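The values are calculated or read from the model by the stated rules, or taken from the named source; none is laboratory data. Because the structure is predicted, anything quoted here is derived from the model rather than measured. Neighbour counts are summed over all protein chains in view; Cβ atoms, including those assigned to glycine, are modelled from backbone coordinates with ideal geometry.
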Amino acid sequence: MRELLCETCERAVRFLESLPTRRVAAFRDAGELAQALDGELPPSGLPASEVIAWLDEIGSQGTVASAGPRYFGFVVGGALPAPLAANWLAAAWDQNAFSEVSSPIGAALERVAMRWTLQILDLPADAGVALVTGATMANFTALGAARRNVLLAHGHDVDRHGVQAAREITVVVGEQAHVSIFKSLGMLGLGRDRVIRVPADDQGRMRVTALPALNGPAIVCVQAGNVNTGAFDPVDAICDAVRADDVWVHVDGAFGLWARASSQFAGLSNGLERADSWATDAHKWLNVPYDSGLAIVRDANSLRGVMSMDAAYLPDPTSRDPFEFTPESSRRIRGVEVWAAIASLGLEGIRLLVERNCRQARRFADGLRDAGNEVLNDVVLNQVLVAFGDDRTTADVIRGVQRDGTCWCGETNWGGRTAMRISVSSWATTDEDVERSLAAILRIADDVRAQPRLGG
């Protein structure tokens, strides 16, 4: 075991050390990799060292360098050293963190990580928190609590008696709500298409004046950090407009919620603390390994009510067992990485990370704009949208950047136009990485424009 793990550690360290200089895009595609890893089912097992060598030598060629300093796609953060190492240690512990009995350290880490997180985000200290796989499951978990709460206000326990006899719940979302909200609504039986979509402004912010009058059980989903522009819905004004005992306000803040760690950007989320629930990722701006998200519910009993289980063999919780608050029962010690990230950065480190990435996003925008390209959004946070001319030219630039390998940026559609989206959210990104990436993008844009175009 020692020899195997030490060898694996060396392989992992070599990979990490290659990130600053390696090509960002993968060297081989999924089809090639599957073929290389396939073959006849082994009649007997291979030595573990051969399995790891095979995996490293082939698998590393199929990795995107998203843990490195020049990956700007999908609002992805790279894993900080402390939570990565904590993840390795926790894997060796091999704990089932579903209860205090099954893993005292798992329960303890979650308690501390949750308390620290609520302090950083300036949310109610007595809120209920579930550590889940990511923002999609965090939205699902929080909206499950919302569904239960607004129906209980009308005398119906949906968890005991189902949705069949329940009153219809009105669900209101912004026109630019993230797709994970609709997936969560579908899984909860609230319907992806049975929503009222409120028009948004040119930055994706919900227009408060367009909110419908709400009567009866209702859930309003707002956004803290539009995935394209970084813009925040005006949560304070929305809460003023819809506040009632049977109306629940939920905040999807996958990455934007962490802006509250900085006084420079906290103003974007004014009033956000008035909501009833919040969802965020830890594997985005907190930069922990995958997968890690948090569902936060103001009324901890609402969260516990929808997620609790009754079984004779389960512990009788006298304080707080994780399985009482999360969709999963058996689960890894997800709190270990959140705890390690916060312990290693501290509040000041998280503030500096947020502010540095936002400054780097502004540098991207300024450099692209100065070179004659069109920045399509107000760069209020860490997201930049840029067009290089018509849709075809922009798409060609994006493909060229992804093939080049200096950095990686994604494609999106904004206002009916094709755009490159640059998301800056990694602890590893230096100002030098930004300049190097900016130079590559501008070089490729010039090359694309210089090429003759067939068909006009």
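Quick notes
- Any chance Val64 is under 30 Å from the mean Cα position of the chain (by Cα) and part of a loop (DSSP other than H, G, I, E, B): yes
- Residue ID - nearest to the chain's Cα centre (by Cα), chosen from residues in region 413-435 that are surrounded by fewer than 17 Cβ atoms within 10 Å (Cβ to Cβ) and more than 24 Å from Leu84 (Cβ to Cβ): Asn413
- Residue within region 159-176 that is among the small types (Gly, Ala, Ser), touching a strand residue (DSSP E or B) at 6+ places or on another chain (Cβ under 7 Å), in contact (Cβ under 8 Å) with a residue 12 or more places away in the chain and not in a helix (DSSP H, G or I) present: yes
- Taking the criterion of being within 17 Å of Val222 (Cβ to Cβ) and either outside the structural domain of Gly191 (by TED's automatic domain parsing) or under 16 Å from the mean Cα position of the chain (by Cα) (or both), the residues of region 119-135 that qualify are Leu121, Ala135.
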